[in-house]
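Here's the structure, in C-alpha cells; my notes come after.
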Amino acid sequence: MDRFILHADLDCFFASVEMRDKLKLKNKPVIIGADPKEGKGRGVVSTCSYEARKFGLHSAMPISKAYRLCPHGIYLRPNFEKYSQTSKEVMNILSSYTDKFQKVGMDEAYIDVSDICKSFKDVEALANRIKNDIKTQVGITCSIGASITKSIAKIASDENKPDGLCIVPPNEIKAFLAPKNITRVPGIGKKTKIYFYKKGIKKIGDLIDFPLHKLTELFGKSGKWIWKVINGLDKRKVKEFHEGRKSISKERTFYKDTDNFELVLSKVEEINDKIHQKLYEKKISYKTITLKIRFEDFQTYTRSKTIDYPICDKDKSIKIFLDLFQEFAKMDKKIRLIGIKFSNFERTPKIRQETLMKYIYC
Ligand code: TTP
Ligand code: MG
C-alpha cells in the first residue's frame, strides 16, 4: 500500500525570522551572514531573502561577491539562538500531527501521514493546514512536498518555493522528475554527477526508461539508487526523532476541531500508552504530569500536577489527566489540540518499592 510522506522546508529560514521580527525588512533583499565590510569582508552568505536571490545571491556565496552584486542589500549577522527557538516551535507543530516525524535539519523535517490520510486529497488539506499553522503561530512560511517516498517528497518541497505546495501522486512521478537535473536526486552531488555528465546524461528523464540492470552496470550504486527513486521504490522510513530529555510529551492536533469528548479521550489514551511503552522500556518514572489544550480560537492552556513520589502508571496518569481536564470540560469551544507531558523524571525504583508507592498514593 502507498505511503503518504510530507517533507516540509522553511523558506529562506534565517532571513524569514529576521523579516518576521522587523517590519522594515519585509520584501527587501536581506542577507544573513558575515559582515560584508563594504565589499572587503571575508566569510560567506548563510542565506538570503528571495528578493536578494533575484540579484544572483545564494547560500555559501562569498560575502564580498554578494556585496558586489547587491550593494544596497540589508546585511545582518545571524542570531542562532533565535533561529533555534523558532525551529523548535515549527518542529512542535509538525510532530503534533504524528509520531512518525523526522527532523533532518534546523529547518526541515519529514512526516509520514499514512495513518491520518486516506488519499492525496486528504494530504493536500493536511499540508495546507500545517502551512497555515506555521504561518499563524510562528510567523514564517514553509514549502511542502508530498508523495509516496521521502526522496520524491523532498524534491517536491523545492518545487514551488517560497510558500509552495507540490503533491506528486505515484502516476505523476516520472513526468515530474523527467525535466529535472540529476543532481536533484538526493545523494547525487557534484562528484557523482560528473560520471553521468560524461555519458551525456543530465536530466532524470534521460534515464527514465533504463532497466535496473543497465543503470547498475553503467553507474553502480548511484544508478541503482536513481532507479529506485524514479520508480517510487525508495523504501526509507521516516525515523522518529529522539534526544536526551528531561521530559516526554506528545500532542495531537485534530484533523478537524472537535467537541467530541470520546475522541479527545481516545487520542489521549493512545499517546499516553505510547509514552508509557517508552517509559517502561527505559525504566523511567515521573512525578509531574502536564495537560496541554488548545481551542479552536488558539487559546492554549497548560495545567500540571506534581505528586510526591515517582510513578510510571498509565492508568494513574489518565486519572490525573482527567482531573486536570475538568476545568475545561464545560468550555463551549471546540478543541484543536490536546497534549500530555511527563517530567520530573527518576529511575524507576525496584518493583516492590513501586508497588508500595502506588499503594500509599492510591
Ligand atoms: P536551507 O533550507 O538550505 O536554505 P533556506 O531555508 O535559507 O532557503 P530555502 O528557501 O531555499 O529553503 O537552509 C536552512 C538554513 O540553514 C538557512 O536559512 C541558513 C542555514 N544555511 C547556512 O548557514 N549555510 C548554508 O550554506 C546553507 C545551505 C544553509
Ligand atoms: Mg529552507
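The values are calculated or read from the model by the stated rules, or taken from the named source; none is laboratory data. Since this is a predicted model, take the numbers as computed values, not measurements. Every residue, glycine as well, gets a Cβ built from its backbone with ideal geometry; the counts of neighbours run over all protein chains shown. Accessible surface areas use protein heavy atoms only, side chains included; no ligands, DNA or RNA. Shrake-Rupley method; radii C 1.70, N 1.55, O 1.52, S 1.80 Å.
The table for this structure:
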item	result
Subset of Lys121/Lys174; Lys154/Lys246; Lys267/Lys305 violating a 23 Å alpha-carbon distance limit	Lys154/Lys246
In segment 1-69, trypsin sites (Lys or Arg not before Pro) in a DSSP loop with at most 15 other beta-carbon atoms within 10 Å	Lys22, Lys26, Lys40, Arg42, Lys54
Within the chain, percent of DSSP bridges classed antiparallel, to nearest 5	90 percent
Cα gyration tensor shape of segment 175-230, rounded if a/c is under 1.5, else prolate or oblate by comparing a/b with b/c	rounded
Anchor Lys203: aspartates and glutamates whose Cα lies under 17 Å away (excluding residues fewer than 8 positions away in-chain)	Asp158, Glu159, Glu172
Overall form of segment 68-211 per C-alpha gyration tensor (a/c, 1.5; a/b vs b/c)	oblate
Gaussian network model of the chain, springs between alpha carbon atoms under 10 Å - residue of Leu177, Leu126, Leu263 with greatest fluctuation	Leu263
Solvent-accessible area per residue, Å², over segment 1-130 with all protein chains present [probe radius 1.4 Å]	49 Å²
Share of alpha-carbon pairs per 10 Å distance bin for segment 247-361, given as whole %	14, 47, 27, 11, 1
37 Å tail of the calculated P(r), the chain, as % of Cα pairs	34 percent
Apportionment of accessible area to carbon and sulfur, segment 152-270, percent (1.4 Å)	52 percent
Prolate/oblate/rounded label for segment 14-80 (Cα gyration tensor, a/c 1.5)	prolate
Cα centroid separation, segment 29-68 to segment 258-292 (Å)	47 Å
Residue pairs, from the table Lys82/Lys161; Lys88/Lys237; Lys100/Lys333; Lys103/Lys237, whose Cα atoms sit over 18 Å apart	Lys82/Lys161; Lys88/Lys237; Lys100/Lys333
Surface accessible to a 1.4 Å probe, per residue, for the residues of segment 247-361, Å²	57 Å²
